[in-house]
Amino acid sequence: MNFDWLYVLEILPELLDATLITIRIALSGYLVALILGLAFAFARMSQNRMLSTIVWAFSECIRLTPILVQLFFAYYVLPEIGIKLPAEPTGILVIGLHYGTYISEVYRSGIRAVSTGQWEATIAMSLPRPRVWLKIILPQAIRPMIPALGNYLIQLFKEVPLLSTITVYELLNTANLLAGSSFKYLEALTLVGVIFLALSYPSSLFFKHLEAKNVNDY
């Protein structure tokens with residue numbers, strides 16, 4: 001079995017374009033996850049027990065079912081009841097929702113890590129609730145969250161190829177199409193693996209550095 005380097009150079013530009021699509025989907029899904037995760041975290045910490053319980057049950061259902069099943073349900077089942085979106089927005093929303101349930105626990109852990117003295121001081125000073133969260137609590141809570149949030153970003157990025165199952169033309173799906181027309185799967189899929197490694201490994205090192213720095217600072 002010979003490795004065709006000329007074929008690699010031939011398909012590389014198209015795969016790099018698909019890589020940009022993959023990155024766009026990953027970042028969009030991550031933004032959705034950050035927003036939904038914060039909403040879920042606040043709901044879980046709400047004094048309204050019914051709201052907290054509903055969000056907990058919903059989050060457990062999402063976490064305990066495979067993301068692939070959720071993709072199929074959103075893309076193939078929801079249109080039957082009138083909810084239909086194009087493949088890429090569907091994938092972004094499903095990935096964002098799935099990881100939002102995990103990120104919500106990161107938010108809750110970070111917020112709970114803020115010392116009770118900080119909360120008591122804000123109550124004693126009668127500070128407005130929005131100011132308490134934006135100026136005092138969240139700035140202290142976010143710092144220890146960064147390594148965990150970064151790890152979820154890397155993990156989410158590696159989940160994007162699952163969107164090929166609902167016809168999203170990201171990196172893996174594009175490589176499969178190219179390989180199917182040339183029957184050179186070795187080159188195409190090897191290049192996909194190299195691209196994912198080239199993007200994920202430096203990111204992993206960066207977030208490990210942040211985690212070590214955070215531990216040393218504390």
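Read-outs: derived from the displayed coordinates by stated rules, not from any lab. Predicted model only: the values in this text are computed from it and were never measured. Cβ sites come from the backbone with ideal geometry, for glycine too, and all protein chains shown count toward neighbours.
A few comments on the model shown:
- Full-stretch length increase - Lys158, Leu85 - with 0.36 nm per residue and alpha-carbon distance subtracted: 24.0 nm
- Using the Cβ-Cβ distance between Leu31 and Thr53 with R0 set to 35 Å, the FRET efficiency from 1/(1 + (r/R0)^6) comes to roughly 0.80.
- Among Leu134, Leu156, Leu186, Leu163, a tally of other beta-carbon atoms within 10 Å of each Cβ gives an order, fewest to most, of Leu134, Leu186, Leu156, Leu163.
- Simple label model, 7 Å out from Cα along Cβ direction - Lys213 to Leu68, nm: 3.8
- Given R0 = 41 Å, the distance between the Cβ atoms of Glu60 and Thr165 translates into a calculated FRET efficiency of 0.95.
- Kirkwood Rh in Å, taken over all unlike Cα pairs in the stretch 1-94: 16.4
- Per-residue ellipticity at 222 nm, computed for the chain from helices alone with -39500 (n - 2.57) per DSSP H run of at least four residues, works out to -26000 deg cm²/dmol.
- The simple Förster model, with R0 at 41 Å and r as the Cβ-Cβ distance, assigns Asn2 and Val77 a FRET efficiency of 0.35.
- Only Cα pairs under 8 Å and 6+ residues apart enter the sum, and on that basis the relative contact order of the stretch 5-217 stands at 30 percent.
- Computed on the Cα atoms alone, the convex hull of the stretch 105-218 gives a volume of 118 cubic angstrom per residue.
- Long hydrophobic helices in the chain, taken as whole DSSP H segments with a C-alpha length of 20 Å or more on their own axis and mean Kyte-Doolittle hydropathy at least 0.0: 5-44, 49-63, 87-112, 138-159, 185-217.
- Centre-to-centre, using Cα atoms only, the stretch 147-198 and the stretch 2-20 are separated by 13 Å.
- The stretch 5-217 - Kirkwood radius from inverse mean 1/r over Cα pairs (Å): 19.4
- Kirkwood Rh, angstrom, the stretch 50-163 [1 / mean 1/r, Cα pairs]: 16.5
- Neighbour cut-off at most 12 other Cβ (10 Å), DSSP loop, chymotrypsin sites (Phe, Trp or Tyr not before Pro), the stretch 122-209: Phe183
- Each residue of the stretch 67-78 is assigned a 3J(HN,Hα), and the resulting list reads 5, 5, 5, 5, 4, 4, 4, 5, 8, 10, 9, 4 Hz, derived from the Karplus form 6.51 cos²θ - 1.76 cosθ + 1.60 (θ = phi - 60°), x at Gly and Pro.
- The ranking of Arg143, Arg112 from fewest to most other beta carbons within 10 Å of each one's beta carbon is Arg112, Arg143.
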